[in-house]
1. What Rg and what Dmax come out for the stretch 7-109 when only alpha-carbon atoms are used, in angstroms?
2. Just to verify a number: FRET efficiency for SER208 and SER157, C-beta to C-beta distance, R0 = 30 Å, to 0.05?
3. In the chain, if the dipole is taken from +1 on Lys/Arg beta carbons and -1 on Asp/Glu beta carbons about the Cα centre, which of LEU156, PRO8, LEU204 is farthest to the positive end?
4. As a check on your grasp of the helix formula, calculate [θ] at 222 nm for the chain: sum -39500 (n - 2.57) over DSSP H runs of n ≥ 4, divide by the residue count, round to the nearest 500.
5. May I ask what percent, to the nearest 5, of DSSP beta bridges between residues of the chain are antiparallel?
6. Once fully extended, how much extra length lies between SER70 and LEU41, figured as 0.36 nm per residue of separation less the alpha-carbon to alpha-carbon distance?
7. Calculate how many DSSP beta bridges within the stretch 98-222 are antiparallel, expressed in % of all such bridges and rounded to the nearest 5.
8. Please sort 211-217, 81-87 by packing, taking for each peptide the average over its residues of neighbouring beta carbons within 10 angstrom, highest first.
Amino acid sequence: MRILLFGPPGVGKGTQAQLLTEKYDMVRLSSGDLLREEVSLSSPIGKKVEQFLRKGHLVPDDIIYELVDSFLLENKESDILFDGFPRNLNQARSLEKSLAQLGQTIDIAFEMYLDEEDLIKRLTDRRYCPKCGRIYNSTTNPPKTEGICDVDRVKLSRREDDNPDVIKRRLTIYKDETRPLVNYYKSLNIYRRIDAKGNQEEVLGRISEAVNGHIDNKCRSN
Ligand SMILES: [Zn+2]
């Protein structure tokens with residue numbers, strides 16, 4: 001099973017990706033993680049990646065494809081959750097081709113959806129623990145004591161890029177680059193829109209319902 005998750009910043013995609021990989025025992029492909037891993041291994045490709053990042057440039061797609069392809073090959077027997085990759089049409093087409101070479105396809109492409117107003121509210125309400133990295137949100141995932149990490153009692157902080165100007169810019173980039181995936185995956189008949197309102201368990205319930213339905217159908221047709 002290969003499942004893809006995309007959605008705007010603030011929609012709760014990272015949290016759901018984490019919950020889904022645990023629930024369905026999937027491996028998670030995040031292009032950001034792949035790049036960071038290569039850099040930390042100081043592999044030949046990692047050294048190239050580091051140069052782009054140091055100059056503040058985007059890492060070229062062909063480097064990302066190379067990493068994704070070797071990940072797909074290594075994990076071809078596993079169920080995969082694609083988290084934040086592909087983020088544009090070119091990447092989506094490339095992924096389709098790479099999977100086809102392994103005789104595979106994507107089962108479901110989920111778009112997590114939330115009104116822009118709610119997204120902005122969630123992002124400005126977001127806090128993280130500088131010690132353990134846990135993410136909290138005063139509406140969807142509040143800490144037990146306001147402003148304090150549940151685990152280590154450290155005072156929570158706000159990410160610098162969670163301010164209204166940067167948020168608006170990130171949402172525009174999402175609309176321009178990633179939202180075209182909606183029509184692409186509709187045309188492949190694998191698109192599912194998920195309402196991302198509510199807390200993380202409610203959203204996980206909606207996604208799981210679709211995943212379970214898909215698994216049932218697969219069993220019946222086999
Ligand atoms: Zn903490």
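Every number here is computed from the coordinates shown, using simple stated rules; none is lab data. None of the values given here were measured: they were computed from a predicted structure. All Cβ positions, even for glycine, are placed from backbone atoms using ideal geometry, and neighbour counts span all protein chains on display.
1. Rg and Dmax of the stretch 7-109, Cα atoms, are 14.0, 39 Å.
2. After rounding to 0.05, the efficiency reads 0.40.
3. LEU156
4. Here the helix-only value at 222 nm equals -15000 deg cm²/dmol.
5. Values: 7 of 23 bridges.
The answer is about 30 percent antiparallel.
6. Taking SER70 through LEU41 to full extension adds about 8.9 nm, to one decimal.
7. Looking only at bridges with both residues in the stretch 98-222, the antiparallel portion is about 60 percent.
8. 81-87, 211-217
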